[in-house]
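First comes the structure, then the notes that go with it.
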C-alpha cells in the first residue's frame, strides 16, 4: 500500500516538474517579448554588476588625488569634488551600499507584510481585527518624519538601523493588499478541499495560498525596494543617521553642503541623482513587464496596442 | 451615518496612536534629554523657572512609573504648552509652530490639489486615447517619480535659479518685506513658492497619472462601458461619465498613503529651498538636538495629515454612496 502511494507520488512529481519546466519556458519566452521587462533587467543588471566588480577598479574613492572642482576630463570622467576626489570612483563605490539598503529593507518589509497580511487574512477573528487596525494606523501616519526622528535619536555609524527603521515603517500598505487577497482566496474551492482532506494549516498557507499570491508579493517587493532606496537617499541627503558610508544620498549631501551648486559643479550632484532615478525606473519597468506577463487583462490590452 | 461615525472613530484612535508614539520617542535619546536641554538653555540665557519640569512632563520623563508619566504627558499636551525652543531661544515652541505651519499647509495643500487634478485628467486621457503620445508618457513619468523630491528640487534650483536667474535662491519671501496681508508680500511669497511648488507637482504627478491610466484601462473592459458604447453614447460622455468616474475611486482611496509621501517629500524640498515651513523647522530642530521642538513638530505634522485624510474620507462618503452602505 505504502509502496503504491510513493509510486503515485513520484509519477505526480515527475509530471509536476515537466509541467513547471514547460511553464517556465513559456514564461521566459513571453518575458523576452516584453520590452519593458528586458530594459528594466538590463539596467538593473548593469548597476548590480557595477556594485559587484566596480570597487575592484574604483579603489580609494576618498583619496585627494586631483585638482579641486575640476570639470570632467579624460583622467576624471566625472570630474572631481571640492577636495579633489574622483567623483566617478565615489559614484561606483556608492552603488553597492545604496542597492544593499534598498534590497535589504525591501526584503524585510516584504517578509513583515507577508506575515501580517496573510496571517490576518488566514487566521481571522480577533487577531485579524487587531492586525488590521494597527496596519491602518501605520498606513496613515506619515513615514518620513518618524523615520527621521528615530534615525536621528538612535544615531549610528552603520546602515543597519536605517534598514530596520525603513522596513518597520513601510510594510503596512502591502500587508493590507495581501490580507484582502488572502480573504478572497481563503474560501475558494481548492482551499476548502484541502481543508476537508485534513491538510495541515502550514501546508495550506505555504503550498496553496502563498504561490497564488506570489505575483503580488514580488511586485510589492520591487516597489518597496524603490521606496527604501529613495528613503535612504533622503535621509543621507539630510545628513541623518549614518553619514560616513558612501551612498548616492551621501554624495548629494556632501555636494549640497560643499557648494556644488554655487560653483556650478553639475558633474558632482547630477550623476548620483540620475543613478537613483535610473534604478527606480528599471525596477518599475520590471514590475510593469511582470504585470504584462502575469496579468491577463493587461496582456489583452498590450496586444491591442500592437 | 455609521460610515462617518466609523471614520471619525478611526481617526481619533489614529491620533491617539500618534500621541502615544510621540510619548515613547524621547526614550530613544541616549543620556538624559531634560538635563541636556537645560544645560544648553543655561548657556544661551536664563531659562524661565519651571522649564525643567515642563520639559520632563512633555518628554514623558517625569518622576513615577510609566502610567503616571504618560498621564502627566497627556495633561501637558492638553494645556498646549510645548516648552521653549533652544533653536530659537527663548521662543515658545507653540509660537514657532504657529509661524511655520501655515507656509507648509498652504504650499503642500495647493500643490497636492493641482497635482491630483492634472494627474487624473492626463491619466484619463492617456488611458482612454492610448497611442504613441501615451506610450511615451509612461517611461518619462516613471522616471520623474523615481527621482527623489530633493533631487528634483536641486535640479530646478540649479538650472532655473543659478544658471538662468529666473527665481530666488531660497527663502519664502523677500527679506526686505514684513509678513502681512500686503500686495507686495503676497506677490513675493508666490514668487518664492513657484520652484518649491513645481518640485512637489513634478515629483507627485506621475503617481496619480499612472494609477489613473491603469484604472481607466481596467475600467474600459468592464461590461457597463461596453454597454454604453453599444448604446451609441458619445466618446466624451463614456470617458468622463463612465470610465473616469469609476476609475478615480482607487486614487481617492489611496489619498491617505499618497499624502504621507507628499508631506515626507516636502520636508526634504523645504530643506533645499530653506523654505520657512514646518519641515525645514523640523530638520533644524533635529540637527540642534532641540527635543521639545522635534517632539511637538512630529505631533503637529502627523495630526495635520490625519485631519486632511479625515476630510478626504468624509468627502469620499458623499461621492461614493456604496461606502456608506457597506457593513
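Just so you know, all these numbers are worked out from the coordinates, no wet-lab data involved. As the structure is a computational prediction, the values presented were derived from the model and not from experiment. Every residue, glycine as well, gets a Cβ built from its backbone with ideal geometry; the counts of neighbours run over all protein chains shown.
Given labels modelled 7 Å from the Cα in the Cβ direction, how far is it in nm from residue A:187 to residue B:2?
Result for the modelled spin labels: 1.7 nm.
What share of all Cα pairs of region B:16-130, in percent, falls into each consecutive 5 Å distance bin?
2, 10, 15, 16, 14, 11, 7, 6, 5, 5, 4, 3, 1, 0
Sort chain B into rounded, prolate or oblate with this rule: let a ≥ b ≥ c be the square roots of the eigenvalues of the Cα gyration tensor; rounded if a/c is under 1.5, and if a/c is not under 1.5, prolate when a/b is larger than b/c, oblate otherwise.
Verdict is oblate for chain B.
Using only Cα atoms, find the angle between the long axis of helix A:296-305 and the longest principal axis of chain A, and express it within 0 to 90 degrees, rounded to the nearest 10.
Tilt relative to chain A: about 60 degrees.
Quick one: helix B:278-287 against the long Cα principal axis of chain B, what's the angle to the nearest 10°, folded into 0 to 90?
Taking the Cα atoms of chain B, the angle to B:278-287 is about 40 degrees.
Taking each residue of B:61-68 in turn, how many C-beta atoms of other protein chains fall within 10 Å of its C-beta, and what is the average?
What the average comes to for B:61-68 is 0.
Region B:274-327 to region B:97-114: how many Å between their Cα centroids?
After rounding, the separation between the Cα centres reads 11 Å.
With just the Cα atoms defining each centre, how far is region B:24-73 from region B:202-229? Give it in Å.
When both Cα centres are located, 52 Å separates them.
If one takes the longest principal axis of the Cα atoms in chain A, at what angle in degrees, from 0 to 90 and to the nearest 10, does the Cα axis of helix A:248-257 lie?
Helix A:248-257 and the main axis of chain A meet at about 30 degrees.
So, in nm, how far is label residue A:42 from label residue B:245 when the simple model puts each one 7 Å beyond its Cα toward the Cβ?
Modelled inter-label distance: 4.5 nm.
Per residue, how much space in cubic angstrom lies within the convex hull of the C-alpha atoms of region A:86-280?
Output value, Cα hull per residue: 122 Å³.
Let me know the mean shielding of B:137-148 by other chains, meaning the per-residue number of their Cβ atoms within 10 Å of its Cβ.
Rounded to a whole number, the mean comes out at 6.
How big, in percent, is the set of alpha carbon pairs in region B:197-327 lying more than 18 Å apart?
Of all Cα-Cα distances in region B:197-327, 67 percent exceed 18 Å.
Given the convex hull of the Cα atoms of the protein assembly as shown, what is a quarter of its surface area in nm²?
36.4 nm²
Hey, rough spin-label estimate for residue B:170 and residue B:43, points 7 angstrom out along Cα→Cβ, what's it come to in nanometres?
2.2 nm
Between residue A:196 and residue A:274, what length in nm is gained on full extension when 0.36 nm per residue of separation is reduced by their alpha carbon distance?
That pair, residue A:196 and residue A:274, stretches by 22.6 nm at full extension.
Under the rule a/c < 1.5 gives rounded, and otherwise a/b versus b/c splits prolate from oblate, where does region B:67-124 land using the Cα gyration tensor?
oblate
Roughly how far apart, in whole Å, are the Cα centres of region A:208-270 and region A:26-46?
24 Å
Counting pairwise Cα distances across region B:136-240, what percent come out greater than 24 angstrom?
Everything past 24 Å amounts to 51 percent.
Suppose a student asked you for the relative contact order of region A:86-280, using Cα pairs under 8 Å spaced at least 6 residues apart; what percent would you report?
Rounded, it is 34 percent for region A:86-280.
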